[in-house]
Amino acid sequence: MCGIVGYIGKVNAASVLIGGLKRLEYRGYDSAGIALLDGDRVTVSKASGKVANLSERAHSNWSPELFQKATIGIAHTRWATHGPPTEVNAHPHLDGSGGIALVHNGIIENYRSLRARLEAKGDVFLSETDTEVLAHLIGDCDKGDLFQAVCDALHQVVGTFGIAVISSREPDRIITARRGSPIVIGVGDGETIIASDASAIVAHTQRVIYLDDNDIAIVTADAVDIRDLDNVPVTREIAELEQDAAATEKGGFDHFMLKEIHEQPDSLANAIRGRLDLQLGSSVLAGMGSSQRELAELSRVVMVGCGTSLHAAMVGQYAFEDLADIHAGVQQAAEFRYRNPILGSRDFVIAISQSGETADTLAAVKEAKQKGAFVMSLVNVVGSTIARETGRGVYLHAGPEISVASTKAFTCQVSVLLMMALRLGRGRRYSRDEGLKLAREIQSIPSLVQQVIDKGEMIAEIAAKYLDNEHAFFIGRGPMYPVALEGALKLKEISYIHAEGYHAAELKHGPIALLQEGTPVIAVACEGPAKDKTLGNVEECRARGARILGIVTEGDHEAEDVMDDFISVPRAHPLVATIPAVVALQIFSYHVARLRGCEIDQPRNLAKSVTVE
Ligand code: M6R
């Protein structure tokens, strides 16, 4: 969603800010803006659309001298919430005097009442945004100390924020603060960079400070002074970033999505490495704690997540029940806290999130902690809010995922869930022999995935036959049901083909009415207990004229024979097979979208991490 960059230091701020915004483009946005301090005034450039438009606009608005001399500024990419993605609604927003500029991620929930109060005092607003209200509020509170003004304003705000503020009256500092929306501060040599995401910082420094909720910092070129909103100093450690700048570049691929699909053998190897115990037939996941006895006392697993992470949780549900004989449930994170879930200390709540910033998943974590559950996270982004909020968890080690469409995060999530289920299972009824067999299969996942990636060209040829349909159905049973849901999500989000995933048995309860001659049905029918029944459902679709693409197990001629087209994936344990199966669907969706000329990495209306409810 929205992205923030701020810079104060020794080089020209505009280049650092525009470079930082480009690195945040993957998050999804629809307008952008930048504010620089030019002597004793604030100057702003904004543009709707891409950062490239902003860059062009800034170069035509500002003289080359200003570009060279301004060494402090803030910038933003906006994903519209309050008001359309127009130039006037883009950030930075100014206060009533024009001397204070603000960029903001999050939502000011009480902005209407604040705006009415300020309007009654004579303030005039130019935009429809909640952010401009906060900018005016800071201006209203400013009695000569910007830090205090921001504290006073934030005390009046209900909602979430990650902000950066500059003032022409205090040109040596940026004030930044967070509540519910991340802020990372990069500590360089004579320069400091603020961002909502470490990707914008990594090219400048590896040393970062993550702000906690309700932290506010006075940032200068040489120092970071962090307090709470009541002006009490707090200490935050400097952490080392693990990523390097190259990880956030395309590396010769046409799209980040394709690069990330191809990275999966490596990212899976990283997710699995050192985590299997091939003596005990179990797994070693430090983040789950070291006590088998503590784990044995758990009576239920509840997984929460959204989107792709929710689909991974659904595969995990089969794994926990099958391998660990433990009740396992999945809840959409947005629904979780509002339905007042019944939870206790024997419930094991796993929050699953690639970004670690999804607002609904974060809220679910807070609710589960409140109710005394044993909460941990399964997150990719190190140091993210959900990882820090849970305090206990397992990182995916998938590396940065830039494409909005999640690929490697899903396969790593499923792999780690399988290892977690294996560990729980070994503390229950799962035998050493069974454990060893599964552990070896998990170890082979990177090579299974590589075998599917090697079929890329053949999958592209099949994809070319499915370009012209506006609707598609994905079906599966058992653990292949969430794979079907994930396949449909991939296709719809990047190709804009309306695709729905269904349990194969559910078709007859309504959706089959939509089948016509040539309607694509993608059936995930790999070998496993439910395969024959899925093939039966495929026959029902064929009888109504559907065109069937099957994801089948290599050598399964019975399945091949009922499909119009098929992609075969290596034989594996039915839970493990979810991973190569989904990779086949990722590649299929990628090529459909590519051949339809879609943008792929930044689909319309979508954001990489959804930080609002
Ligand atoms: O970062 P998260 O895993 O919490 O994100 C959840 C969803 O927004 C995300 O999985 C989304 O559905 C994918 N980008 C779809 O490919």
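Surface composition of segment 3-247: carbon plus sulfur atoms contribute 49% of the solvent-accessible area (1.4 Å probe, protein chains only, all chains present).
Check each of the GluC sites (Glu not before Pro) in segment 389-477 and keep only those in coil by DSSP with at most 12 other C-beta atoms within 10 angstrom; list them in order. Numbers along the way, then the final one.
On the way: sites: GLU389, GLU401, GLU434, GLU441, GLU457, GLU461, GLU470; in loops: GLU401, GLU470.
In loop regions of segment 389-477 (DSSP not H, G, I, E or B), the sparsely surrounded GluC sites (Glu not before Pro) are GLU470.
Restricting to the chain, what percent of DSSP beta bridges are antiparallel, rounded to 5? The answer is about 60 percent antiparallel.
In the context of the full set of protein chains, residues of the chain present 37 Å² of accessible surface per residue (probe radius 1.4 Å, heavy atoms only).
When only alpha carbons are used to place a centre, segment 503-580 and segment 166-201 end up 51 Å from one another.
Amide H contacts for HIS327 (H built 1.01 Å from N in the peptide plane; partners 5 or more residues away or on another chain; cut-off under 5 Å): VAL301. As a fraction of the 1.4 Å probe accessible area of segment 250-443, surface on carbon and sulfur atoms comes out at 46 percent.
Calculated mean residue ellipticity at 222 nm for the chain: -11000 deg cm²/dmol, from DSSP H runs with n ≥ 4 weighted as -39500 (n - 2.57), summed, divided by the residue count and rounded to 500. Once the piece of chain linking ARG429 and GLU335 is laid out straight, how much longer is it, given 0.36 nm per residue of separation minus the C-alpha distance between them? Here the segment from ARG429 to GLU335 would lengthen by 30.6 nm. In terms of the Cα gyration tensor, with a ≥ b ≥ c the square roots of its eigenvalues, is the chain rounded because a/c is under 1.5, prolate because a/b exceeds b/c, or oblate? Since a/c reaches 1.5 and a/b is larger than b/c, the shape of the chain is classed as prolate. What separates the Cα centres of segment 2-73 and segment 339-371 is a distance of 37 Å. Of the accessible area of segment 447-613, computed with a 1.4 Å probe over protein heavy atoms only, carbon and sulfur atoms account for 48 percent. For the peptides 524-531, 29-36, 155-162, 248-255, residues were scored by their other Cβ atoms within 10 Å and the scores averaged per peptide; the highest-first order is 29-36, 524-531, 155-162, 248-255. Here the calculated FRET efficiency for VAL234 and ASN110, from their Cβ-Cβ distance with R0 = 22 Å, stands at 0.30, rounded to the nearest 0.05. Computed 3J(HN,Hα) for segment 197-202, one whole-Hz value per residue from the Karplus formula 6.51 cos²θ - 1.76 cosθ + 1.60 where θ = phi - 60°, is 7, 4, 4, 7, 9, 4, glycine and proline marked x. Annotation: peptides 407-420, 108-121, 537-550, ranked by per-residue average of other Cβ atoms within 10 Å with the highest first, follow the order 407-420, 537-550, 108-121. Using 11 Å as the cut-off for backbone N distance, which residues of segment 495-520 belong to the label zone defined by a point 7 Å from the Cα of HIS471 along Cα→Cβ? Only 498-500, 511-517, 519-520 pass the distance filter.
Listed values for segment 180-192 are Karplus-derived 3J(HN,Hα) couplings in whole Hz (6.51 cos²θ - 1.76 cosθ + 1.60, θ = phi - 60°), namely x, 9, x, 9, 10, 10, x, 9, x, 9, x, 8, 9, and x replaces Gly and Pro.
Which entries in the list LYS369/LYS492; LYS22/LYS492; LYS46/LYS121; LYS50/LYS490 go over 31 Å, if you measure between the two C-alpha atoms of each? Let's see the in-between values first.
On the way: LYS369/LYS492 35 Å; LYS22/LYS492 25 Å; LYS46/LYS121 28 Å; LYS50/LYS490 23 Å.
Pairs exceeding 31 Å: LYS369/LYS492.
Model label sites at HIS509 and SER447, defined 7 Å from Cα along the beta-carbon direction, differ in position by 4.1 nm. For the chain, a crude dipole built from +1 on the beta carbon of Lys and Arg and -1 on the beta carbon of Asp and Glu, taken about the Cα centre, is about 820 debye to the nearest 20. Give the shape of segment 294-341 as rounded, prolate or oblate, defined through the alpha-carbon gyration tensor: a ≥ b ≥ c are the square roots of its eigenvalues, a/c under 1.5 means rounded, and otherwise the shape is prolate if a/b is larger than b/c and oblate if not. Oblate is the answer for segment 294-341, as a/c is 1.5 or above yet b/c matches or exceeds a/b.
Modelled spin-label separation between GLU558 and GLN279, with each label point placed 7 Å from Cα along the Cα-to-Cβ direction: 4.2 nm. Distance between the 7 Å Cα→Cβ label points at ASP454 and ARG346: 4.9 nm. Can you bin segment 250-443 into rounded, prolate or oblate? Criterion: square roots of the alpha carbon gyration tensor eigenvalues sorted a ≥ b ≥ c, rounded for a/c under 1.5, prolate for a/b above b/c, oblate for the rest. Verdict is oblate for segment 250-443.
The values are calculated or read from the model by the stated rules, or taken from the named source; none is laboratory data. Because the structure is predicted, anything quoted here is derived from the model rather than measured. Positions of Cβ are generated from backbone atoms using ideal geometry, with glycine treated the same way; all protein chains shown enter the neighbour counts. Note: areas computed on protein heavy atoms with side chains; ligands, DNA, RNA excluded. Shrake-Rupley method; radii C 1.70, N 1.55, O 1.52, S 1.80 Å.
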